[in-house]
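Accompanying notes for the structure given below.
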Amino acid sequence: MRNRYLDLLRFLAIVRVVVYHVTGWATLTLVFPAMSVMFALAGSLMAASLTRSGPAAVGRRLRRLLPSLWVLAAVFVPAMLFSGLTASPRLLLWLFPIADPPANNWGALALSIIWYLRDYLWFVLASPVAFWLFRRAPLPTVLAPYLLLVAIEVGIYQAPPPVLREFGLYFGAWLLGFAHHAGMLRRLAGRVLYPLALALAVTGGAWIVAHPGPRGYDLNDNHLGNALWSAAFILVVLGRAPAGIPWLERSRLADRAVTVLNRRALTVYLWHMPFVVALTPLVDVVGWSHQNLLGLAIRVVLVFALVGVVTLAVGWVEDVAARRPPELIPGAPPAPTPSAARPGAGPAARSGAPPPVPAGGPGGVPAGGPAFVPAQRVAGEAATVDLNAG
């Protein structure tokens, strides 16, 4: 079954990313380091896929990742070419972004979120080797990206390739996802987990305070502080993940919202930034500053509304990529079975329950005999799988 707690974390991360890009509030990055959380969740799912399918999981992940990017590129690449982007073989990076694809001036801003897919792609490609190492030496493997980042930030390793810096910044979160899948975080005793998380948060926070960026204490301007602070956050939210969240299941609206945003997470992420950029000039037109809470709230609502329209139009690509039946709005309740709609069907037939078993008599089960378990029920229980790991 799906892990609804992980679904809720992904829901909150996507919402936080959109709100941050609209408002620019640096505090949001500290309260909820969304990008690291998203990489940790992706790492956990990648570990589950590798456990189940081996290296073939790489192809399945790429199949689910790239089609939504291609839809975005089909719209924006011709627009950028029309507005001055030079055609070159590097345009092929829009098909497989192992480096930043080319963009013109406005496209570079509107499509700046492509870096997440670039890093995600590299992490997926590296995962079979990383998972092999993790199974044999978990702690050194998890520590390696953080040590790499420390070496870069303090100047021991100067002028590293950009991809190595990204591995230092976010691959540690990905590997913490491996540890979550393996149950290592859950098994950490509180007397170990909480002091460790506190030490990471204090160290990361001190580094952030000592090295403020152009936007103040924004995690995006401070790689080492970002990695340490995010690691502390991930240790707590994944290491002490609840077994379930009953309140979400009781709220039909909230449960459906979490389902929809999880099934359309990539579409929402890819398309929100162009609308943020497009709506920004309206701030000057109507006189709303970034300190105007009403204006910011209206912008947030407008961005979500416009992204919602695009998601209705092209979000089904995520279903096709995942080999699910395409849906306009995911998570609709299942249609009633034919027996439920048949006139004259009794309560047992409408509920789908098996007919009662005779307690004895001709053709029945002798009283006191073995209990009868319907075959389809046994098969259904045996076929239950973790749908969230696919």
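The values are calculated or read from the model by the stated rules, or taken from the named source; none is laboratory data. What you see is a predicted model; the values in this text were computed from it and never measured. Neighbour counts run over all protein chains shown; Cβ positions are idealised from the backbone, glycine included. The accessibility values were calculated without ligands, DNA or RNA, using every heavy atom of the protein model including side chains. Shrake-Rupley method; radii C 1.70, N 1.55, O 1.52, S 1.80 Å.
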Spacing of the two label points (7 Å from each Cα toward its C-beta) at Arg240 and Val154, in nm: 3.0 nm
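Taking all protein chains in place and a 1.4 Å probe, what share, in percent, of the accessible surface of the stretch 66-112 do carbon and sulfur account for? Please report the intermediate quantities before stating the final value.
Details: 1880 of 2470 Å².
Carbon and sulfur atoms account for 76 percent of the accessible area of the stretch 66-112.
What whole-number value in Å² describes the accessible area per residue of the stretch 91-197 for a 1.4 Å probe?
Numbers: 5150 Å² over 107 residues.
Using a 1.4 Å probe on heavy atoms only, each residue of the stretch 91-197 averages 48 Å².
Order these peptides, 154-162, 201-209, 181-189, by their mean beta-carbon neighbour count within 10 angstrom, highest first.
Details: 154-162: 9.7, 201-209: 16.9, 181-189: 15.0.
Averaged packing, sorted descending, gives the order 201-209, 181-189, 154-162.
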Simple label model, 7 Å out from Cα along Cβ direction - Leu12 to Ala278, nm: 3.1 nm
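Can you work out the accessible area per residue across the stretch 1-65, with the rest of the protein chains kept in place, probe 1.4 Å, in square angstrom? Write down the numbers at each step before the final one.
Values: 2170 Å² over 65 residues.
Using a 1.4 Å probe on heavy atoms only, each residue of the stretch 1-65 averages 33 Å².
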